[in-house]
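**Q** Let me give you the structure first, and then I'll get to my questions.
The values are calculated or read from the model by the stated rules, or taken from the named source; none is laboratory data. Computed from a prediction, not measured in an experiment: that's the story for all the values here. Every residue, glycine as well, gets a Cβ built from its backbone with ideal geometry; the counts of neighbours run over all protein chains shown.
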Amino acid sequence: MQLELGGKSPVVVFEDANIEKAVQISSVALFSNNGQLCTAGSRTFVHESIYDKFVEAATANAKKLQVGDSS
């Protein structure tokens, strides 16, 4: 489900989530269109039991992103 919450739309990741899939979804939610969408996932709430694994995977994913002209 996606809700428009004034540009601060959260991504919520529960403890039984597939972490790699959750990282992929939250990355697209935040970084697509430079985050300039009113439904951009600019906040991510992660269950404390998987928080460290999520942050590690999200950091690795973000380091792979290319900034600038993608062509």
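**Q** For region 20-57, name all the residues that are in contact with a strand residue (DSSP E or B) (Cβ under 8 Å, 6 or more places away or on another chain), assigned to a helix (DSSP H, G or I) and modelled with pLDDT of 95 or more.
**A** Ala22, Phe54, Val55
**Q** Okay, moving on. So which residues in region 49-69 are touching a residue at least 24 places away in the same chain (Cβ under 8 Å) and charged (D, E, K, R), if there are any at all?
**A** Once the filter is applied, which keeps residues that are touching a residue at least 24 places away in the same chain (Cβ under 8 Å) and charged (D, E, K, R), region 49-69 yields only Lys53.
**Q** With the requirement that a residue be touching a helix residue (DSSP H, G or I) at 6+ places or on another chain (Cβ under 7 Å) and under 30 Å from Asp69 (Cα atoms), what does region 27-54 give you?
**A** Listed by number, the residues that qualify are Ser27, Ala40, Gly41, Ser42, Thr44, Phe54.
**Q** Taking Ala60 and the conditions (1) aliphatic (A, V, I, L, M); (2) surrounded by 12 or more Cβ atoms within 10 Å (Cβ to Cβ); (3) part of a helix (DSSP H, G or I), which numbered condition does it fall short on, given that it satisfies the others?
**A** It fails just one condition, (2).
**Q** Identify all residues within region 13-29 that are touching a Ser or Thr at 6+ places or on another chain (Cβ under 8 Å) and surrounded by 12 or more Cβ atoms within 10 Å (Cβ to Cβ); write none if there are none.
**A** If the condition is that a residue be touching a Ser or Thr at 6+ places or on another chain (Cβ under 8 Å) and surrounded by 12 or more Cβ atoms within 10 Å (Cβ to Cβ), then Val13, Ser26, Ala29 are the ones that fit.
**Q** Pairs only if they're at least six apart or on different chains, beta carbon under 7 angstrom, first in region 30-45 and surrounded by 12 or more Cβ atoms within 10 Å (Cβ to Cβ), second at pLDDT 80 or above and assigned to a helix (DSSP H, G or I); list them, first residue then second.
**A** From residues that are surrounded by 12 or more Cβ atoms within 10 Å (Cβ to Cβ), the pairs are Ala40/Ala29; Ala40/Leu30; Gly41/Ser26; Gly41/Ala29; Gly41/Leu30; Ser42/Leu30; Thr44/Ser26.
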